[in-house]
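Asks: Quick one: structure below, then a few questions.
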Amino acid sequence: MKKNKLTLLAATVCLSIAMCMGVSASESDKTTTAIKLTKYSDLDTKSQDFDSGTIYGSFQADAGQASTVKGETYKIICPADGKFRINYSLNSKGEEDWKGDNRHARYILYSNPACTKVVAEKILDETATEDLFMNLTKGTYYMTVEPVIEKPEMDLDVTYSVSFGYLPFNVEFIKVVKTYDYINKTVILNITGLDSKSLKIKEGVHLESGKLHRVLWEDYPDITTGKVAVKNNGSYTIRMVDSYDHIVARTVTINDFAVPNAPYVRSYKSGTKVVSGVAIPNSTVKVTVGKKAYTVKSNRNGLWSVKTGTLKVGTKISATVTNSFDKVSARTYVTVKNQKIAKPKVKTYKKKTKYVKGTAKKNTTVYVKIGKKTYKAKVNKKGKFSVKVPKLKAGTKITVTVKDAYNNSSSSVRVKVKK
């Protein structure tokens with residue numbers, strides 16, 4: 001494994017199994033050492049390589065003497081569900097030919113302290129380095145190492161080591177950050193892979209039954225800069241091959257070139273001078289209020305607001321949004337609504353009088369309807385009104401309403417002149 005190269009599982013805590021013993025080493029007591037694994041993001045850069053800081057253990061055996069050396073038991077604490085990696089290393093010196101099963105090292109991972117429930121097992125019977133990958137749930141595991149030697153023809157000097165590492169399942173093996181080139185009207189996919197030996201991207205390629213069809217990737221160029229310019233909507237699948245030749249894929253859907261959704265106009269209250277709403281972020285919103293047009297930019301959260309003339313009940317408002325790729329949405333239409341004001345109180349409407357009097361919201365206009373004719377007057381600063389009408393007759397029906405300067409109106413009050 002190369003130094004300073006991030007592995008697929010990146011996070012490591014190096015575990016060294018060191019024994020230095022002769023043929024009588026089988027008499028030594030078995031010990032237990034606890035190793036708590038740490039995820040990649042908690043480690044410093046010097047710990048990112050599985051080879052960093054590894055101390056190799058060793059054992060010796062004399063020619064012609066058989067022995068089985070019992071190794072230590074290690075407690076492995078995995079603090080979260082994750083993808084687990086074990087790296088095994090074995091190297092023999094002193095004999096040219098490593099003769100199969102009579103010389104090997106056995107590594108066994110258990111899920112219980114009694115070491116009876118095997119989770120994984122690896123046997124190295126020649127000079128080798130191998131990796132084992134598996135998914136493990138949160139919990140405690142136990143690793144034993146059993147170097148076995150049977151009557152070597154020559155003196156043997158064997159070194160070996162084991163290192164562990166894991167990543168939680170939520171780690172992104174392929175990370176994609178989307179940026180925009182508005183001048184060239186493209187979406188830029190900034191792609192990085194964890195321990196990537198190669199990265200490739202292809203439009204319209206998907207995972208099927210959890211497997212990627214490799215044939216679809218033949219002769220497709222690698223991503224050398226980590227950046228890909230996209231000019232059309234669609235699904236783009238990114239494939240990563242790591243340093244262990246494992247394949248990871250991620251599909252990214254681009255929809256930025258579609259016609260944006262129509263903007264939402266949420267505030268347009270009568271009596272105010274502001275129209276505001278929500279649209280796609282960083283877009284251009286065009287607002288028409290009556291016969292006047294306004295243009296405003298939505299912010300990064302999609303919020304927009306425009307100052308207008310004073311809004312009155314019945315004013316028509318419409319709005320469209322244009323995205324950064326010049327796609328224009330459908331138009332949104334709203335009408336300024338009536339903000340009901342308090343009903344007037346009619347106090348004077350006797351027969352033979354020529355005035356209808358009462359109280360209402362100050363500085364508004366009161367309307368008195370008799371038959372098909374309507375009469376009006378201003379409500380003074382004290383909230384009183386007096387409307388001149390033809391001489392009232394017994395049985396006359398009177399309807400009174402109030403409106404303010406923004407055309408907000410009250411509910412109608414109906415009275416009848418008494419006989």
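Asks: Got at least one residue in the range 361-370 being open to solvent by less than 20 Å² (accessible area, probe 1.4 Å), closer than 30 Å to V296 by Cα and of a type in the set (V, I, T)?
Replies: No, that holds for no residue.
Asks: Which residue, of G100, G64, G94, is modelled with pLDDT under 75, at positive phi, surrounded by fewer than 19 Cβ atoms within 10 Å (Cβ to Cβ) and in contact with a strand residue (DSSP E or B) (Cβ under 9 Å, 6 or more places away or on another chain)?
Replies: G94
Asks: To continue, here is another question. Looking at the structure I just gave you, is K297 in contact with a Ser or Thr (Cβ under 9 Å, 6 or more places away or on another chain), under 30 Å from I191 (Cβ atoms) and not β-branched (V, I, T)?
Replies: So K297 passes the test.
Asks: Taking T253 and the conditions (1) assigned to a loop (DSSP other than H, G, I, E, B); (2) within 27 Å of the chain's Cα centre (by Cα); (3) not charged (D, E, K, R), which numbered condition does it fall short on, given that it satisfies the others?
Replies: Every listed condition holds for T253 apart from (1).
Asks: When you look at V265, is it within 22 Å of K340 (Cβ to Cβ) and of a type outside the set (G, A, S), yes or no?
Replies: Answer is yes for this residue.
Asks: So, one more: Look through the range 227-268, keep the residues that are surrounded by fewer than 17 Cβ atoms within 10 Å (Cβ to Cβ) and closer than 30 Å to M134 by Cβ, and return whichever of them is modelled with the lowest pLDDT.
Replies: Y244
Asks: Can we say T116 is farther than 24 Å from F169 by Cα, of a type outside the set (A, V, I, L, M, F, W, C), part of a loop (DSSP other than H, G, I, E, B) and modelled with pLDDT of 75 or more? Walk me through how you get there before you give the answer.
Replies: Working: farther than 24 Å from F169 by Cα: yes; of a type outside the set (A, V, I, L, M, F, W, C): yes; part of a loop (DSSP other than H, G, I, E, B): yes; modelled with pLDDT of 75 or more: yes.
Answer is yes for this residue.
Asks: Only residues that are open to solvent by 80 Å² or more (accessible area, probe 1.4 Å) and in contact (Cβ under 8 Å) with a residue 60 or more places away in the chain: list them for the range 329-356, please.
Replies: Applying the first criterion (open to solvent by 80 Å² or more (accessible area, probe 1.4 Å)) to the range 329-356 yields 331, 333, 337, 340, 343, 345, 347, 350-352, 354-355.
Scanning the range 329-356 gives R331, K337, K340, K343, K345, K350, K351.
Asks: Filter the range 273-287 down to the residues that are modelled with pLDDT of 95 or more, open to solvent by 40 Å² or more (accessible area, probe 1.4 Å) and not charged (D, E, K, R) and list them by number.
Replies: V274, V278
Asks: Being open to solvent by less than 80 Å² (accessible area, probe 1.4 Å), assigned to a strand (DSSP E or B) and free of Cβ contacts under 8 Å to residues at least 60 places away in the same chain is the filter here; which residues of the range 382-402 pass it?
Replies: Within the range 382-402, F385, S386, V387, I398, T399, V400, T401 meet the criteria.
Asks: Still on this structure, I have one more. Looking at (1) at negative phi; (2) of a type in the set (S, T, N, Q); (3) surrounded by fewer than 17 Cβ atoms within 10 Å (Cβ to Cβ), find the lone condition where T322 falls short.
Replies: With respect to (1) at negative phi; (2) of a type in the set (S, T, N, Q); (3) surrounded by fewer than 17 Cβ atoms within 10 Å (Cβ to Cβ), T322 is out only on (3).
Asks: Out of all the residues in the range 295-306, which are open to solvent by 50 Å² or more (accessible area, probe 1.4 Å) and of a type in the set (S, T, Y)? If you could, list the steps in order and put the result at the bottom.
Replies: First, the residues of the range 295-306 that are open to solvent by 50 Å² or more (accessible area, probe 1.4 Å): 295, 297, 299-301, 303, 305.
Selection gives T295, S305.
Asks: Go through the residues of the range 331-352 one by one and say whether even a single one is under 30 Å from K185 (Cβ atoms) and part of a loop (DSSP other than H, G, I, E, B).
Replies: The answer is yes; a qualifying residue exists.
Asks: I've got another one for you. Would it be correct to say that T320 is part of a strand (DSSP E or B), of a type in the set (S, T, N, Q), farther than 30 Å from S267 by Cα and modelled with pLDDT of 95 or more?
Replies: Here the answer is no, as T320 does not meet what is asked.
The values are calculated or read from the model by the stated rules, or taken from the named source; none is laboratory data. It should be emphasised that the depicted structure is a prediction, and the values quoted were computed from it without experimental measurement. All Cβ positions, even for glycine, are placed from backbone atoms using ideal geometry, and neighbour counts span all protein chains on display. For accessibility, only protein heavy atoms count, side chains too; no ligands or nucleic acids. Shrake-Rupley method; radii C 1.70, N 1.55, O 1.52, S 1.80 Å.
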